[in-house]
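J.: One structure coming up, written as structure tokens, with questions to follow.
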Amino acid sequence: MQIKEKYLTKDDVKEYTNLSGYQINNGIRSGLLKFVYVGKKHLFKKQWVDNWLEQKGGVWFSMNITYGLT
């Protein structure tokens, strides 16, 4: 049996990125932040969030978020 990748909720993404819900919603609306919609929840793969951060603020920004340097 394979273990499937865990999806992040919007609250998880807020905590992971230290960004506001407004900024995350802007990423969703712009189409830059990939997500799946299940029930009433937006769900995100960590890789999708990392890709969006790289587009949003470049490698420096995403590396600092990833390693908690912001």
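The values are calculated or read from the model by the stated rules, or taken from the named source; none is laboratory data. Remember, it's a predicted structure, so these values are computed and weren't measured experimentally. When we count neighbours, we look across all protein chains shown, and the Cβ atoms used for this are built from the backbone with ideal geometry, even at glycine. These accessible areas exclude ligands, DNA and RNA; they are computed on the full protein's heavy atoms, side chains included. Shrake-Rupley method; radii C 1.70, N 1.55, O 1.52, S 1.80 Å.
J.: Scan region 4-18 and tell me whether some residue there is among the aromatic types (F, W, Y) and within 12 Å of the chain's Cα centre (by Cα).
T.: Yes - at least one qualifying residue is present in region 4-18.
J.: Step by step: first the residues of region 1-36, then only those that are in contact (Cβ under 8 Å) with a residue 40 or more places away in the chain and not in a loop (DSSP other than H, G, I, E, B), then the one that is most open to solvent (accessible area, probe 1.4 Å). Which residue is that?
T.: Filtering region 1-36 for residues that are in contact (Cβ under 8 Å) with a residue 40 or more places away in the chain and not in a loop (DSSP other than H, G, I, E, B), the one most open to solvent (accessible area, probe 1.4 Å) comes out as Y16.
J.: Shifting gears a bit: What about L8, is it closer than 11 Å to L53 by Cα and aliphatic (A, V, I, L, M)?
T.: no
J.: From the set of residues in region 37-60 that are open to solvent by 50 Å² or more (accessible area, probe 1.4 Å) and among the aromatic types (F, W, Y), which is modelled with the lowest pLDDT?
T.: The extreme case among them is W60.
J.: With the requirement that a residue be farther than 19 Å from G57 by Cβ and of a type in the set (D, E, K, R), what does region 13-44 give you?
T.: K40, K41
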